[in-house]
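The structure appears right after this line, and notes come after that.
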């Protein structure tokens, strides 16, 4: 049985990083229910494995969450891109509908990126990990991460520009 001090430390890790772990899982899965399941699994694994010797807790947790989310993605249930809630304080229904369409379009563009570009972009932009932390999560180099993020942003910009030109 775990000591009280160990449980208190685990509790503080959960309190400090739970939102971040959720964002990593959600960034991959785009489904809040699946992301919550991943968060629970992450902390079960942390509890089982011990975590006292971890140098960069944020990167370590991101790596676990990312890998569990990828595993869940490979499961038959798939990804729900429509699991994004519009801001609730927007009074205008037309504005809400337009915003939702824009968010869905960008999410679809991101989802259409090749995985090698999509995952570094999501970890960087949505989960605010550094290049070093992303490199650790993805088992690659920092320069590869920076290059992939750059290429992903270029592709998104080109596709958004093409859509804007098509609407004119």
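Details
- Packing-based ranking, highest mean first, of 146-154, 126-134 given that Cβ atoms within 10 Å are counted: 126-134, 146-154
- One decimal place: the segment residue 108-residue 166 gains 19.1 nm when fully extended, by the rule 0.36 nm per residue minus the C-alpha distance.
- Approximate spin-label separation residue 116-residue 139, in nm, with each point projected 7 Å along Cα-to-Cβ: 1.5 nm
- Proxy reagent accessibility, fewest Cβ within 10 Å first, across 55, 23, 108: 55, 108, 23
- Remark: relative contact order (the range 19-77) = 47 percent; criterion is Cα-Cα distance under 8 angstrom and separation of 6 or more residues.
- Here the gap between residue 12 and residue 52, fully extended at 0.36 nm per residue and compared with their Cα-Cα distance, gives a gain of 13.1 nm.
A short reminder: the numbers here are calculations on the coordinates, not readings from a lab. As the structure is a prediction and not an experimental result, all values here were calculated from the model. Using ideal geometry, Cβ is built from the backbone for each residue, glycine included, and neighbour counts are taken over all protein chains shown.
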